[in-house]
1. Out of the GluC sites (Glu not before Pro) in the stretch A:42-127, which ones are loop residues according to DSSP with at most 15 other C-beta atoms within 10 Å?
2. Largest first and in whole Å, what are the equivalent-ellipsoid semi-axes of the stretch C:1-112 based on the Cα gyration tensor, each being the root of 5 times an eigenvalue?
3. Counting only DSSP beta bridges with both residues in the stretch B:72-150, what percent are antiparallel, rounded to the nearest 5?
4. Once the dipole of the stretch B:72-150 is set up with Lys and Arg at +1 and Asp and Glu at -1 on Cβ about the Cα centre, which of B:Met147, B:Val72, B:Pro127 lies farthest towards its positive end?
5. Can you give the helix-only mean residue ellipticity at 222 nm for chain C, where every DSSP H stretch with n ≥ 4 adds -39500 (n - 2.57) and the sum goes over all residues, rounded to the nearest 500 deg cm²/dmol?
6. Over what distance in Å are the Cα centres of the stretch C:47-83 and the stretch C:186-216 separated?
7. Give me the distance in nm between label points sitting 7 Å out from Cα along the Cα-to-Cβ direction at A:Leu42 and C:Lys26, one decimal.
8. Between exposed trypsin sites (Lys or Arg not before Pro) in chain C, where DSSP calls loop and at most 11 other Cβ atoms lie within 10 Å, what's the longest gap?
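Where a number appears in this text, it was derived from the coordinates with a stated rule and is not lab data. Just so we're clear, the structure is a prediction, and the values are computed from it rather than from any experiment. So basically every Cβ, Gly included, is an ideal-geometry build from the backbone, and we count neighbours across all protein chains shown.
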Amino acid sequence: MTAAGNQDVSAVEGAVRTNLVHLQGWRDVEVQREGFMWHGRLLRLLCGRRPASVAPPEGEASSDIEYILPVSLAQHSAEPVTIECLDRIFAELCGPDTSRILLAIVSDDGTIVFYFLHKGIHKPKKN
Amino acid sequence: MSLPANDLEEDEVMQDWSSIAKLANDSPLAALPRRGEKDYEPDGTDLQELLLYRARDAMYSTLEQGVRGAVVKSRVVAYYDPQSHSAVVPKPRGNFLQTMGESDAQGALWLEFFEFMYLAERGTVTPCWKRHDDNNDGDIPLSIEDMYALFKDQQEMDNFAIYSQLKRLGFIVQLASPALSLYPPGLAASSPVRTASNALHRVLSTVSHYRMTLFNGFMYNQWSWYVRRYTSSPQIYESLNKLIQCAAVPHTAHQLYNDYSPQDSSQSLNITFNVWKPNPAFKKKLPELPDFQVATYNKNSTQQSFPTYKELQAVFRSLDYKFSFLARDSDTEFWDNNTYIDGELRSAKLEALQSNPRNKGKAKASKPAPPAKKMKGKKKQRTVSPQVEQMRRPKNGYRSFLLAVMDNGIISFAKISEADFGSEDVWYKPAPGQKNNTAKPQRQTSKIAA
Amino acid sequence: MSVCITLVGGAGTILAPLVFDVEAIKKLRTLGICGILTGTLPSATQQNVFLSVPLRLMPEEAMWLYINGHAHFKALPGPTATAVERLLEEESEEICKAAEERLQQSFKLQREYKLEQHRKKLEQLGINQPSKEDHPDSARQSKETKLMEASLFIETPTMSTILTKINDKFGDEQAKIDRLLCILVAQFSNWDNYLLFQALKNEGYVLSPGARFGGKYIAYPGDPLRFHSHLVIRDALHYKNEPLDFLELAAGARLGTTVKKLWVIGAPTRESDAHDSAKTQDNVSFYSVEWAGFG
């Protein structure tokens, strides 16, 4: 993978970190050192502590640590995140008790949207 | 395309069969108190079990009691003819005659297969098999299951389901046919001269609508900016507007004529049905143009995929209904002079009907109708400000059709229309003679410009 | 006791499987197969909320019933009209006679019932009905009889008697049914979607077509009459080759949040051969997506 490509990846990671820390009030957000090679790029998660305003996963209020997967809306074909990729992320890059990761999608205008990816079939919030 | 918001909430409200069961029989079941809302998930309680049992029971008893058929006195028999895949009603009787089927010389009514199925399912006709031998043993009655097995392919079954859905809502539905058209018969002929001139016209109209792109290329290079100065805000938008290419969407009858191209069966998506709003004065032999048209689509079929731009274009160019942007619905004179039935103008056919001495009585009966229509038209005519009209135009679009999507039994309707954003000037234009105007209209239009 | 479903062949296609028997519909519902009712309800013909038989099944539902032994199938090769004509050439007399007998039987029961009702009503009003041996006003009686005869109901039966005769001739060889069901799934869905269906059914969900919510299926935690649906499931992705389309994911998850459902994506992990996998309960990897609530 080209140097430019690596730059893009770290730009995306940086954008997500900045957004979470300064806009969303997250603490201790850092890029993980561990990762695995995926289609020529080093795929790594971010890890951080969520603020109280973000609901914890149901039944697991013990820790406030969340794992974040930063991706770029425009480059989704260059860095393909398949179901197989997600399985590997959950198996290798998160703790064994992790039931969800936060997907951060960076679009080319700088805005970032966040979605939770729960492993397996989950239940929607009860009214 | 848009779906009404309340469509999504349908899921939340419980489908309460006990109210329908009341219609079928006066069962005390409906009198028992019921929970009006659904639960989140099964919780194993007896209460839930009971509510579930009751809900199911109401549904099952309605289904079991929903017998289809007719009373001897009002029974009308329809015979299915396998050779033509249609049905004949030798002694037609009933309201459905007003809007369905075609009479033959002997006074019998011929029904399309889907019309036959709809009436049989409803109980309006008794379905039987048409015998070609002269055997008079008696009728061979058909069951609902028999009739469903007679569909030739899945598309026919889906079309029937969509037909029934529209009929149950009260619409008048018929197969789309070139016999009823806005366009004069000569236009439809696909002679090479016609298509060539059509093609040429299309090219010219798109060029004129592209507003001289060659000229733009010359004028809009960076040096021209040194020369050009803008003195008012609208000038900026006007010159920018010249840069934008957009397709020419037909607004007038003339433009429609030039763009018309009848559909052919090789298209992947076709208009299947003509639909009219409920109308007690509907004339089966002299119909008005349909109020809208429906194309059917099976979402799950691997042999069909969502239409491409070209395929959609072909559908738009074949649309042939009462375009609302041409004239008001109540403008019967305009429509009668622009509707062709079997090649003849509707107005001519109506005149022939009235001048026929046998129909003098009928003509008199129909006279009171027009003045009543005019009254309605006047009442509805509320003048809206040009800004509101302008906001509505891109939203409503021009030519449009309904796409009926079949998903394993569930039907959804989406309206697909041609929107013309290109011809709308959505920036503020001060009225002539006014420069710094702080009157109300300015505030409204500045919203549009933003 | 397994349910019998007839597969009707069309021109190069298999028509959607339909169920006409209310008893069968009840049985299927207890198995968590609800289908969609598509016929006009005779007691309320001008509405679309409550519809009647036939019940239309998804190809996945038919396949699931077959694999799990809850339904057995019969094949009716198309075009049906030709088969019926041939049958009528041989058996029209019998069929007519049988139909006439059924009709007369129905009339007889109706007449008895109506006379009984009439008698009860008169009793209630305190009028004693003259016995049949008396000679009542014959003109009035024949008029009453005429009215009653005219009000007898002729039913259009739901279930077929003709098709069963044709079925018997063609039988239900397993290999044929196997192939027909596979064709049905291939023409109107695909095997991966079936695996998703099966995995969700194993978790206890009831599945319905999901077009209204922009997905392939919607999943209820129980009977749709009593419970809200929880999930909108997208068409199956390929485990290795199909990357997530983030724009589509965002759209699905946003819609899901608006209607209080989760957007679910899944892919069969293909650890074993595709066709055997149904029998060995192949693994499907699911992910549930929801808007995080911020950003």
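1. Working: sites: A:Glu58, A:Glu60, A:Glu66, A:Glu84, A:Glu92; in loops: A:Glu58, A:Glu60.
Sparse-neighbourhood loop GluC sites (Glu not before Pro): A:Glu58, A:Glu60.
2. One finds semi-axes of 28, 22, 15 Å for the stretch C:1-112.
3. Antiparallel bridges: around 75 percent, rounded to the nearest 5.
4. Result: B:Val72, furthest along the dipole toward the positive end.
5. Taken over chain C, the calculation gives -14500 deg cm²/dmol.
6. Here the answer is 16 Å between Cα centres.
7. Roughly 6.7 nm, to one decimal.
8. Result for the longest clean stretch: C:133-278.
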